[in-house]
Amino acid sequence: MKKLTLLFLSLLLVITVTACDSQDAPQNSDSEPGKNGEIAVFYYTYSDTYISSVRAALDKEFQDSGIKYQNYDSNGNQTTQTEQVQTAIAKGARLLAVNIVDTGSDDAAINIVNLAKEKNIPVIFFNRSVNESVIKSYDKCIMVGTDYEMAGHMQGEMIGEYLIKHYDMVDLNGDGRISYVLFKGQEGNLEAIARTQFSVEDANKILKENGKPELLFYDEANANKYLVDQDGTWSSAAATDYMGTILARYSENADNMVELVIANNDEMALGAIASLQAAGYNTGMTKNIPVFGVDATDAAKAKIADGSMTGTIKQDAEGMAEAMVDVAENYLEGQNPFDGIDGENIVGDWRINIPYEQYYKQ
């Protein structure tokens, strides 16, 4: 009887230990961090539609590669992100992948690099550009992003070519000028700065080459010649509010209608479309105000397909995720971080750029 009792207690102990081990196993989830050896991925916010597509693609790449990882939502707060980085390092993260919140200065990125350098942990900054000097301050740091100026150039080229083909149709009041509004995602952000500048400059260049006058910002009192999302979240809500306010004053009846919308990203383009449709435009049965964005999100593609949006610039979320996983595996295996990366996408010894492409209805 004693032997049976001892055997039962031994079996019970094994079951209990096994159950505890299962509960403590690292999880690849957003809510329950693993213990050690994972890659920690920090997103500036989950609410950004394009960033959500990157997260979905990166999750899949990690899972397919059998890599343990943990996602963190910084919710647009740099202090939160820095604290998350400290937590991940304390938990034994093997590599940090950082979609930096604060792009207005180098301070936040430098702080994260120094935290990682102290523990000899590689760092991959992605999507939101970090300056070369920051990346080169640590030999285990790299940037995976895009040629952010190229998006602005490609958007400007697309806009200019579209206007040359449809000038009289776009010029609603027949004054020979195209009146536009531009929605900027964030002050101090390199991508936003380049898109804001080159989308207009390159469109104007094409217009002038074809004997047309430059674009005219709808509000002469606005010296910036753009409207910025004050929260820096590149949000559809900001563009919806701005466009609604514009349409209350600028209209075809007043002979001063805004005739073109340029947005730094698709979310702001979609927000503008929402207000235009509420005013009776871009519905498929009425006049269209051409709207251009950047990202080629699924929602934007759907609007382009139904004709309510004109074009966008594709940011390749899958391509970015694939490159990040390749770099991460190289770092973790002690190899050159650029091994297996297309040489055409490598910039110097510090950066990988994922190519853009124009997206519009054929």
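Restricting attention to the range 205-250, report how many residues are crowded, with 18+ Cβ neighbours inside 10 Å and among the polar types (S, T, N, Q).
Counting residues in the range 205-250 that are crowded, with 18+ Cβ neighbours inside 10 Å and among the polar types (S, T, N, Q) gives 4.
Select from the range 82-123 the residues that are among the polar types (S, T, N, Q) and over 20 Å from residue 327 (Cβ atoms) and list them in ascending order.
Filtering the range 82-123 down to residues among the polar types (S, T, N, Q) leaves 82, 84, 86-87, 99, 103, 105, 111, 114, 120.
Within the range 82-123, 82, 84, 86, 87, 103, 105, 111, 114 qualify.
Test of understanding: among 280, 271, which residue is modelled with pLDDT of 95 or more and on the phi < 0 side of the Ramachandran plot? Even if it seems obvious, please write down each step before you answer.
Numbers: 280 fails: on the phi < 0 side of the Ramachandran plot.
Of the residues listed, the single one that is modelled with pLDDT of 95 or more and on the phi < 0 side of the Ramachandran plot is 271.
Yes/no per residue for (1) within 21 Å of residue 101 (Cα to Cα); (2) assigned to a loop (DSSP other than H, G, I, E, B); (3) not aliphatic (A, V, I, L, M):
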| position | (1), (2), (3) |
| --- | --- |
| 223 | no, yes, no |
| 232 | yes, yes, yes |
| 238 | yes, no, no |
| 241 | no, no, yes |
| 244 | no, no, yes |
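Just name the residue that is nearest to residue 161 (Cα to Cα) out of those in the range 302-328 that are touching a residue at least 40 places away in the same chain (Cβ under 8 Å) and surrounded by fewer than 17 Cβ atoms within 10 Å (Cβ to Cβ). If you could, list the steps in order and put the result at the bottom.
Taking the range 302-328 as the starting set, the residues that turn out to be touching a residue at least 40 places away in the same chain (Cβ under 8 Å) are 304-305, 307, 309-318, 320-325, 327-328.
This time we only want the ones that are surrounded by fewer than 17 Cβ atoms within 10 Å (Cβ to Cβ), so: 305, 307, 318.
Values: 305: 19, 307: 17, 318: 28 Å.
Per the criteria, the residue is 307.
With respect to residue 154, is the statement that it is crowded, with 16+ Cβ neighbours inside 10 Å, in a helix (DSSP H, G or I), modelled with pLDDT of 95 or more and in contact with a Gly (Cβ under 9 Å, 6 or more places away or on another chain) true?
Working: crowded, with 16+ Cβ neighbours inside 10 Å: yes; in a helix (DSSP H, G or I): yes; modelled with pLDDT of 95 or more: yes; in contact with a Gly (Cβ under 9 Å, 6 or more places away or on another chain): no.
No.
Given the criterion under 22 Å from residue 242 (Cα atoms), in a loop (DSSP other than H, G, I, E, B) and modelled with pLDDT of 95 or more, identify the matching residue among 182, 172. Talk me through it step by step, then tell me what you get.
On the way: 182 fails: in a loop (DSSP other than H, G, I, E, B).
Testing whether each residue is under 22 Å from residue 242 (Cα atoms), in a loop (DSSP other than H, G, I, E, B) and modelled with pLDDT of 95 or more leaves just 172.
Give the residues of the range 270-297 that are hydrophobic (A, V, I, L, M, F, W, C) and touching a Phe, Trp or Tyr at 6+ places or on another chain (Cβ under 7 Å), sorted by residue number. Spell out the reasoning first.
First pass over the range 270-297, keeping only residues hydrophobic (A, V, I, L, M, F, W, C): 270, 272-274, 276, 278-279, 285, 289, 291-292, 294, 296.
Scanning the range 270-297 gives 272, 289, 296.
So which residues in the range 127-142 are touching a residue at least 24 places away in the same chain (Cβ under 8 Å) and more than 14 Å from the chain's Cα centre (by Cα), if there are any at all? Walk me through how you get there before you give the answer.
Here is the first cut: in the range 127-142, the residues touching a residue at least 24 places away in the same chain (Cβ under 8 Å) are 127-138, 140-142.
Passing the criteria: 131, 132, 133, 134, 135, 136, 137, 138, 140, 141, 142.
Of the numbered conditions (1) of a type in the set (Gly, Ala, Ser); (2) outside any helix (DSSP H, G or I); (3) touching an Asp or Glu at 6+ places or on another chain (Cβ under 9 Å), residue 109 fails exactly one; give the number of that condition.
The failed condition is (2).
The values are calculated or read from the model by the stated rules, or taken from the named source; none is laboratory data. Every value quoted in this text rests on a predicted model; they were computed, and no experiment measured them. Every residue, glycine among them, receives a Cβ derived from its backbone with ideal geometry; neighbour counts consider all protein chains shown.
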